[in-house]
Ligand SMILES: NC(=O)c1ccc[n+]([C@@H]2O[C@H](COP(=O)([O-])OP(=O)(O)OC[C@H]3O[C@@H](n4cnc5c(N)ncnc54)[C@H](O)[C@@H]3O)[C@@H](O)[C@H]2O)c1
């Protein structure tokens, strides 16, 4: 019977008895003829096994999602070894051991992260940075921020917050007193193109950081960046911490809101001291190229039209723009005010603080006023285009009530939009002109 005649349903096949010995000899002969083929396939299977064994990801990448990392242009940097540990330890050592803190700043090559890490270092705390230098926006800007931190004595480890083994190693080497967790996939509109990156960094990444903090002995206090975007469709202004936050308008906002709930769990079960900071549209030198004030500056200088969004019935779109130095003071105050975690060995020993604060400026400015200030500072007339605000996650209006932060953190923003933008524009012109003269026309781009 040839193979094609075999019934396709397993269990219905029956071997015919009469020609048993003859069939056996035939099969043997057939196998002998196929010996070279057999040897080839055995070798092939062995080679395949070896390749899979050698290329299989190590347990380090337990939490990471390969496709997300690739889509963001992230490659794992090597870490570990005595020289690396020495550098980590030295960067994280406080100037005065008795009173200084030892702080892990995630997202340290980012806009807010760089400023916070530098400020903590300046006042004598030990600071270690962590960042994966992803390509959401120009990584050259992140590397320039890292170079600045390097000169200030802050080492920024290149790695992903989802790398559980790396986090474990960092906590083994340094007994951090605080974690300032700022690493995240920021931006509202990018979620339409790459939703997975928000889950990877803002949900899975946050859990990985809290897991490491929970397991550390001593447990650090955690201060982390939530966002004003959690207020979503809330129309009661100014936004106060007691307002509804269950109607997010974007995936970004939803991941930050999820983060606040996740943080509460780690506070409740493991006794981690956790402070969430809801930043309101932060701007300033070394800012983020995906934000309007930044790309408006670039487009005005290039003579390209800038789109000014309008709400329904020509309603004004406005933001509570908050200058970076005010945000940094708020973050540092939150570190100082954090209070201790109470857990050890993964168990809680008493309740620990769980707090949420708005960090804003309390004076919203319309986007058209923002453009007018930029025109004046750049001495260039903008080509303006009024556009109906698309439904892609942006909200029409943000305005912070900062009473709680004023009372508990003594947070008092002092920089208005005009003087803050002046400092931004000065930095922008200096950074991009010196980069153009260094690298010619192929130098850094803003996006
Ligand atoms: N800038 C604002 O206006 C604003 C407003 C509200 C909230 N926030 C929040 O503040 C924090 C800092 O924002 P920013 O403006 O400095 O953004 P940023 O993008 O400049 O900084 C974030 C940094 O985190 C890094 N990062 C992202 N995913 C990572 C990962 N998986 N592992 C390691 N590093 C990773 C990025 O490379 C980047 O350098 C973020 O959590 C952001 O959501 C910012």
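Just so it is clear, none of the values below were taken in a lab; they were calculated from the coordinates. Not measured: the values here are computed from a predicted model. As a convention, Cβ positions derive from the backbone with ideal geometry for all residues, glycine included, and neighbour counts pool all protein chains shown.
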For this session: Compute the distribution of all C-alpha to C-alpha distances in region 194-283, in bins of 5 Å from 0, and list the percent of pairs in each, rounded to whole numbers.
Result: 3, 14, 23, 23, 18, 12, 6, 1, 0
Exercise. How big is region 104-180 in terms of Cα radius of gyration and Dmax, in angstroms?
Worked result: 11.8, 33
Exercise. Extension gain residue 193-residue 269, at 0.36 nm per residue separation less the Cα-Cα distance, in nm?
Worked result: 23.8 nm
For this session: On a C-alpha basis, how far is the centre of region 215-233 from the centre of region 353-424 in Å? Whole number, if you could?
Result: 22
Exercise. Under 16 Å from the 7 Å Cα→Cβ point of residue 408, by amide nitrogen: which residues of region 100-143?
Worked result: none
Problem set entry | Additional length obtainable on full extension of the chain from residue 307 to residue 347, 0.36 nm per residue less Cα span | 9.2 nm
Exercise. When you take every Cα atom in region 259-311, what is the radius of gyration, and what is Dmax, the widest Cα pair distance, in Å?
Worked result: 18.6, 55
Problem set entry | Kirkwood hydrodynamic radius over Cα pairs of region 94-241, then Stokes diffusion coefficient at 20 °C and 1.002 mPa s, in µm²/s | 133
Seminar exercise, completed: region 284-331 -> Rg/Rh from Cα coords, Kirkwood Rh, value 1.06
Exercise. Taking Cα atoms of region 297-429, Rg/Rh with Kirkwood Rh, to two decimals?
Worked result: 1.11
Exercise. Taking the Cα centre of each part, how many Å lie between region 93-113 and region 194-211?
Worked result: 22
For this session: Work the Kirkwood hydrodynamic radius out for region 127-168: mean of 1/r over every pair of different alpha-carbon atoms, inverted, in Å.
Result: 10.9
